[in-house]
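> I have a structure here, written as structure tokens, and I will follow up with some questions on it.
The values are calculated or read from the model by the stated rules, or taken from the named source; none is laboratory data. A quick note: this is a predicted structure, and the numbers were derived from the prediction, not measured. Cβ placement follows ideal geometry from the backbone for every residue including glycine, while neighbour counts extend to all protein chains displayed.
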């Protein structure tokens, strides 16, 4: 896109809250169950039924608003949002508008250019709609999801590039997982994102807003915004007027397509939900919210960089997953070297996990066993090459590294007498090579070391072996 334009991107992020039951009834809120099995008269919108607020969802909603540095509401209430939803039985949605749980917050996230801050307009609670399933000439509706506790986070249009948008979403996704408020799985619909984008000449402020829907991963959000950025710039370059509209992302064609045109903003005719009282949290509730806060991912990343001398990329890899970050810090506390731990976790351990189709959490490799493996290397009980074989046996035999080394006789040979005998034998078998090395051809040393490792079954401790060989060669 030409440098004469600037981009404005704002997000509307929805997350399903881990509150066990739906927002206004006792039905189970669980992904993957048989269609229309988790429903009741309340979430089906039967006449005369009365909703009840899910207190756990209220707590989680306030917790997210607090983590996003919002001003927390002391008198929050619900309203009816009147809009036709084909998969919402009531034909209105219970949501929040005038008094959301939090307003005027912000969130920091890391980019290649440094840490950036995005303002949060508001955080509000509502209920989700059901799910439409289109099969041939039929449309089926699964109401299991209708009434799920949903939290919507609305940002200001502060994001400037599609790339930053992807980074922001990944940071947000990581944050809610750290907090345990949502699993954040976009492919399962636990986290959804609508993106609003406009471009305009530099210094001219916001342009004509286009809303993008139907994007189920941070990567698709970036791709959809990149396409839309170029499309809008091309239209402006041609002197064409942009239309305020909603567009869908077609991931098969890698392009956006018109869904509907907005001549003006919709009038949802909000009015207070008459069946739900105002929620006035007391100090005990606010203390509960405060006690549930955790060290957020960005804070943890920066602390890891300082405390464990990790690079930004290393800390990014380690802190990306909460279990991996906890595992890493436990291993460090047990005496593991932080740089060595990163090297093993990001390479050999990762390869084995991929090969076995396992997560680290489900693998037999505990933090104490990985630390034990590194101790065996540092004490020269085994070499790095042997350690990789030991790691394989840890996964297959589900035994500790020390036990495997002992049972399989994998310890390094460091006895000077044994190593000296091996050196004498190999040198006697390769007199021409010995003479070449003594004559200045040091390239042949590698050949001798290879023969020595072969002679000792790969178990010779490299440092004392090289020392003995150097002495013998003069």
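> Being in contact with a helix residue (DSSP H, G or I) (Cβ under 8 Å, 6 or more places away or on another chain), outside any loop (DSSP other than H, G, I, E, B) and under 30 Å from residue 196 (Cα atoms) is the filter here, so list the residues in segment 246-299 that pass it.
Scanning segment 246-299 gives 247, 249, 255, 256, 297, 298.
> Right, here's the next one. Out of (1) within 30 Å of residue 334 (Cα to Cα); (2) without any contact (Cβ under 8 Å) to a residue 40 or more places away in the chain; (3) more than 40 Å from the chain's Cα centre (by Cα), the odd one out for residue 447 is which?
(1)
> Any residue in segment 415-431 that's part of a helix (DSSP H, G or I): show its pairings with residues that are at pLDDT 85 or above and surrounded by fewer than 11 Cβ atoms within 10 Å (Cβ to Cβ) at Cβ separation under 6 Å, as long as the two are six or more apart or on different chains.
Taking only residues 6 or more apart or on different chains, not a single pair turns up.
> Take residue 182 and decide whether it is closer than 20 Å to residue 130 by Cα and either surrounded by 17 or more Cβ atoms within 10 Å (Cβ to Cβ) or not assigned by TED's automatic domain parsing to the domain that holds residue 146 (or both).
In short, yes.
> On to the next question. Within segment 393-410, count every residue that is outside any helix (DSSP H, G or I) and either over 17 Å from residue 353 (Cβ atoms) or more than 35 Å from the chain's Cα centre (by Cα) (or both).
Result for segment 393-410: 4.
> How many residues does segment 91-109 contain that are surrounded by fewer than 18 Cβ atoms within 10 Å (Cβ to Cβ) and under 9 Å from residue 78 (Cα atoms)?
Count: 2.
> Can you pull out every residue in segment 110-128 that is surrounded by fewer than 21 Cβ atoms within 10 Å (Cβ to Cβ) and either in contact with a strand residue (DSSP E or B) (Cβ under 7 Å, 6 or more places away or on another chain) or touching a residue at least 12 places away in the same chain (Cβ under 8 Å) (or both)?
110, 111, 115, 116, 117, 119, 121, listed by residue number.
> Further, regarding this structure: Kindly check whether there is at least one residue in segment 358-366 that is surrounded by fewer than 17 Cβ atoms within 10 Å (Cβ to Cβ), part of a helix (DSSP H, G or I) and not assigned by TED's automatic domain parsing to the domain that holds residue 174.
no
> Suppose we filter segment 129-148 for residues that are assigned to a strand (DSSP E or B) and touching a strand residue (DSSP E or B) at 6+ places or on another chain (Cβ under 7 Å); how many remain?
Counting residues in segment 129-148 that are assigned to a strand (DSSP E or B) and touching a strand residue (DSSP E or B) at 6+ places or on another chain (Cβ under 7 Å) gives 7.
> Here's another thing I want to ask about it. Would you check which residues across segment 43-65 are crowded, with 21+ Cβ neighbours inside 10 Å and under 30 Å from the mean Cα position of the chain (by Cα) and list them?
54, 57, 58, 60, 61, 62, 63, 64, 65
> Which numbered condition in (1) out of contact with any helix residue (DSSP H, G or I) (no Cβ under 7 Å at 6 or more places or on another chain); (2) assigned to a strand (DSSP E or B); (3) closer than 30 Å to residue 24 by Cβ; (4) at pLDDT 95 or above is the only one that residue 195 fails?
So residue 195 meets the others, but not (1).
> Let me ask something additional. Residues 281, 277, 272: which one is over 30 Å from residue 361 (Cβ atoms), surrounded by 13 or more Cβ atoms within 10 Å (Cβ to Cβ), out of contact with any strand residue (DSSP E or B) (no Cβ under 7 Å at 6 or more places or on another chain) and touching a residue at least 24 places away in the same chain (Cβ under 8 Å)?
Of the residues listed, the single one that is over 30 Å from residue 361 (Cβ atoms), surrounded by 13 or more Cβ atoms within 10 Å (Cβ to Cβ), out of contact with any strand residue (DSSP E or B) (no Cβ under 7 Å at 6 or more places or on another chain) and touching a residue at least 24 places away in the same chain (Cβ under 8 Å) is 281.
> Being in a strand (DSSP E or B), out of contact with any helix residue (DSSP H, G or I) (no Cβ under 8 Å at 6 or more places or on another chain) and over 22 Å from residue 162 (Cα atoms) is the filter here; which residues of segment 79-116 pass it?
Of everything in segment 79-116, those that are in a strand (DSSP E or B), out of contact with any helix residue (DSSP H, G or I) (no Cβ under 8 Å at 6 or more places or on another chain) and over 22 Å from residue 162 (Cα atoms) turn out to be 79, 80, 81, 82, 92, 93, 94, 95, 103, 104.
> Do we have residue 329 as surrounded by 16 or more Cβ atoms within 10 Å (Cβ to Cβ), within 25 Å of the chain's Cα centre (by Cα) and either more than 23 Å from residue 460 (Cβ to Cβ) or not assigned by TED's automatic domain parsing to the domain that holds residue 307 (or both) here?
Taking the combined requirement at face value, the residue satisfies it.
> Give the residues of segment 431-456 that are closer than 27 Å to residue 379 by Cα and surrounded by 11 or more Cβ atoms within 10 Å (Cβ to Cβ), sorted by residue number.
445, 447, 448, 449, 450, 451, 452, 453, 454, 455, 456
> Considering 12, 55, which residue is free of Cβ contacts under 8 Å to residues at least 12 places away in the same chain, assigned by TED's automatic domain parsing to the domain that holds residue 153 and closer than 27 Å to residue 296 by Cα?
Answer to the check: 55.
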